[in-house]
Amino acid sequence: MPAKIRLQRHGRKKKPFYHIVIADARAPRDGKFIEKIGTYNPMTSPATIDLNRERAFDWLMVGAQPTHTARAILKFKGVYFKKHLQRGVSKGSLSQEDADIKWKNFIDEKDAKVAERFEETKLKRLEWHKQISGSAKAPKKVAEETSAKPSKDGAADSKENKSFADSVEQTTVESFAGGNDAAPEVKEAPAPVAEEKPVEEVKEAPAPVAEEKPAEEVKEAPAAEEKPAEEATPIPVVSGAPAKEDDYKKIEGIGPKIAELLHTAGLASFSDLENAPLDKLKGILADAGSRYTMHDPTTWPQQAALAAAGKWDELKVLQDELDGGKVVNPDESKSTED
């Protein structure tokens, strides 16, 4: 059996990672292999393929058969292009140096395209992260005047929060702290109060009042004359039309189709079937088609009379004597017994 160039699955669930191996065709997929020539990761964009092209080419030239996926990988990585060039060298239509140059140019161009795609994917991912997280917010500026922290005596400890008079008083007290004389009291100079100018009242210009036009009297349309409600005309009741159709399937010899034919013909109740002439019943069956002419309606009026009177036990006894709604001939029954 020839060797196979196939993929061996690795990785965890829903995140596969494949090894490109040379294995016996009879070996299981993830079983024993002859040589590992590369890896394939389909979870990246684009897919990451690391392949030893020289070893793959050597195995291909000695008859190794790749699988469908392995064949696509070998074509993408230029192994089959090298095999094509090597055929031209063997036929003499191309020199080995020219074949090597063409193959190298092909590989360089392919690798450049793959690298470009990786860069595009990287930029798209960065833009996506920016859209998700948003732009960084500017740091908040520290307020120039920080709130004073009260000390144990309730006074502000921060020098930045002290007024100019407080700083002068503190300096004076510190300068006289070493002498016997008491430090003279320094009276705080009253801060000049800015004269408040009376705010001029701004008189709002009166809004132009739109001249009110006398509303035109809307003449109400005369109400439509109420017509007296028409008395509902009583629906004429057709005499003889039954309110409910009886179930003719209780009559032996009448099935669902024949019952529907009888109802359509106007025979709705057992009493209607009882009073129906035999010729009319045969005519209904004949009009329905040849498949219904085999039925014999002779006993139907008799059975309908018992059903209309509510004599179900007598109807049961009568039906036991019938065969498919037909009267059994005693001579025929004896002949069949013999």
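The values are calculated or read from the model by the stated rules, or taken from the named source; none is laboratory data. All figures in this text were calculated on a predicted structure; none of them were measured in a lab. Cβ: placed from backbone, ideal geometry, glycine included. Neighbour counts: every protein chain shown.
Being at positive phi, assigned by TED's automatic domain parsing to the domain that holds Lys83, within 44 Å of the chain's Cα centre (by Cα) and not polar (S, T, N, Q) narrows it down to one residue among Lys36, Lys14; which is it? Unique residue meeting the criteria: Lys14.
The residue of region 12-25 that is surrounded by the most Cβ atoms within 10 Å (Cβ to Cβ), among those that are in contact with a strand residue (DSSP E or B) (Cβ under 9 Å, 6 or more places away or on another chain) and in contact (Cβ under 8 Å) with a residue 24 or more places away in the chain, is Ile20.
Checking each residue in region 2-21 for being closer than 19 Å to Glu54 by Cβ and in contact with a Leu (Cβ under 9 Å, 6 or more places away or on another chain) picks out Ile5, His19, Ile20, Val21. Based on what the data block shows, is Arg9 more than 30 Å from Asp108 (Cβ to Cβ) and touching an Asp or Glu at 6+ places or on another chain (Cβ under 7 Å)? Spelling it out, Arg9 is indeed more than 30 Å from Asp108 (Cβ to Cβ) and touching an Asp or Glu at 6+ places or on another chain (Cβ under 7 Å).
Among the conditions (1) in contact (Cβ under 8 Å) with a residue 60 or more places away in the chain; (2) aliphatic (A, V, I, L, M); (3) touching a helix residue (DSSP H, G or I) at 6+ places or on another chain (Cβ under 6 Å), the only one that Ala70 does not satisfy is (3).
The set of residues in region 28-57 being small (Gly, Ala, Ser) and free of Cβ contacts under 8 Å to residues at least 12 places away in the same chain consists of Gly31, Ala47.
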